[in-house]
Amino acid sequence: MDKAISEISLALGNDAVSKEEDILRSHGYSEWSTTNIDRLPVAVVFPSSTADVVKIAEICSKYKVPIIPYSGGSSVEGHFSAPHGGISVDFMNMNKVIEFRAEDMDITVQPGLGWMDLNESIKTSGLFFPIDPGPSAQIGGMIGTNCSGTNAVRYGTMKDWVVNLTVVLSDGRVLKTRRRPRKSSAGYNLNSLMVGSEGTLGIVTEATLKLAPIPEKTGVAVISFPSIKSAANMAIDVIHRGIPVGAIEILDDVMMNVVNRVGATGRTWKEDPTIFVKFVGSQATVADSISQVKQISSRHGSLTFEFEHDEERQKRLWSARKEALWSMLALRKSGNEVWSTDVAVPLSKVADLIELSKKDLEGLGLLEAS
Ligand SMILES: Cc1cc2nc3c(=O)[nH]c(=O)nc-3n(C[C@H](O)[C@H](O)[C@H](O)COP(=O)(O)OP(=O)(O)OC[C@H]3O[C@@H](n4cnc5c(N)ncnc54)[C@H](O)[C@@H]3O)c2cc1C
């Protein structure tokens, strides 16, 4: 590994390589990851171009050194851990928009560009990139994890938005997965192979992504329920009826209590199981969706229904959902860790899953009463 690091320093310059302890730690350990390995990478390398990544791959291949791509470092399941040491490749210096083609509704970017920065850079165009995982996530890692986000119920996941990738393979060869046509059935579907491969099949150095029109109208509703089962059943009902909501999320009474205790949202919430719904579409679609969701909520025994049209106030209404993880982190006792993860079950089992998990958690006595 030392030989590889020296050769990479010679090829890219000393400034492109770090062996500082805190940099190694931040690239091999994460406070919000369910898995943290005892080992750290032996060096972190900061390429500036596809050509730099090719050099890194050729050198690492020669010395059989593992390469671990690293973008925003926000993944939650130990994705960027370095169990065999090796070299972490950080795309901090590859964070540019290469080409934005508004008329084609697509954009080519480097892997170190954050999805929020991407949206900021095109916000006057009437288009946006709808996949919204952790706020610090960047395109390379979003491709690596095939991430989703709160918009997934409406816009799908990362795999649905990738048109073409430039990928450096482990021996330094470069391939393009598809070029630019959106509708093409020619050849192997390499996008599907690469998206979600967690850096194990190659290193993405450029990505062409589809963009969506910014919806004409948005709205947010926050609805509280007497039980977690009634809240979950309401959400299932909304999906069954095909109501085109932008996002639908659930926080239980315990989580609402945690958000209140930490107080980061500037208001006090009802401490009941709560559903958060985003509405997106034309004026008419949003109005119709709200009225249907209101009726369904009341059929499932909703206690309150708050709705907001104004964009700034929508953010405040969505804030409890946004602050959930950070409130939990703020409330833990020193030395404790937060384990945040995902589970997947068929739609028909969602209510049972939440109810059973809550029963299990109650028995653990994790939270002291407020
Ligand atoms: C508050 C919070 C909320 C979140 N919400 C969601 C959510 O709703 N949905 C969701 O899916 N995730 C969510 N996440 C998890 C996380 O944001 C996503 O997994 C995200 O896609 C990771 O992107 P990243 O840039 O941080 O990737 P990293 O953590 O840096 O890397 C992730 C994986 O991709 C690989 N990788 C990185 N760059 C490249 C590259 N250039 N080429 C090839 N492979 C690469 C890495 O090796 C690693 O395996 C959340 C995280 C937080 C902290």
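The values are calculated or read from the model by the stated rules, or taken from the named source; none is laboratory data. Just so it is clear, the model here is predicted, and its values are computed rather than measured. All Cβ positions, even for glycine, are placed from backbone atoms using ideal geometry, and neighbour counts span all protein chains on display. In case anyone asks, the SASA skips ligands and DNA or RNA and just uses the protein heavy atoms, side chains included. Shrake-Rupley method; radii C 1.70, N 1.55, O 1.52, S 1.80 Å.
Just one of the numbered conditions (1) open to solvent by less than 70 Å² (accessible area, probe 1.4 Å); (2) without any contact (Cβ under 8 Å) to a residue 60 or more places away in the chain; (3) more than 9 Å from the ligand (Cβ to nearest atom); (4) over 23 Å from ALA82 (Cα atoms) is not true of VAL195: (4). Remark: THR177 matches the filter, which requires a residue to be modelled with pLDDT under 95, open to solvent by less than 50 Å² (accessible area, probe 1.4 Å), within 13 Å of the ligand (Cβ to nearest atom) and in contact with a strand residue (DSSP E or B) (Cβ under 7 Å, 6 or more places away or on another chain).
Quick test of your reading of the structure: LEU24 fulfils all but one of (1) closer than 13 Å to ILE203 by Cα; (2) out of contact with any Lys or Arg (no Cβ under 9 Å at 6 or more places or on another chain); (3) surrounded by 16 or more Cβ atoms within 10 Å (Cβ to Cβ). Name the failing condition by number. Tallying (1) closer than 13 Å to ILE203 by Cα; (2) out of contact with any Lys or Arg (no Cβ under 9 Å at 6 or more places or on another chain); (3) surrounded by 16 or more Cβ atoms within 10 Å (Cβ to Cβ), LEU24 fails exactly one: (1). In region 53-146, counting only strands (runs of 3 or more DSSP E) that sit wholly within it, the ones holding 1 or more residues that are more than 10 Å from the ligand (Cβ to nearest atom) span 87-90, 97-101, 106-109. Of the residues making up region 62-76, those that are surrounded by 16 or more Cβ atoms within 10 Å (Cβ to Cβ) and of a type outside the set (Phe, Trp, Tyr) are VAL65, PRO66, ILE67, ILE68, PRO69, SER71, GLY72, GLY73, SER74, SER75, VAL76. Picking from residues in region 210-234 that are touching a helix residue (DSSP H, G or I) at 6+ places or on another chain (Cβ under 7 Å), assigned to a helix (DSSP H, G or I) and of a type outside the set (Lys, Arg), the one that is farthest from ARG101 (Cα to Cα) is ILE228. The listed residues are VAL167, VAL163, and the only one of them that is touching a Lys or Arg at 6+ places or on another chain (Cβ under 9 Å), open to solvent by less than 10 Å² (accessible area, probe 1.4 Å), within 9 Å of the ligand (Cβ to nearest atom) and of a type in the set (Val, Ile, Thr) turns out to be VAL167.
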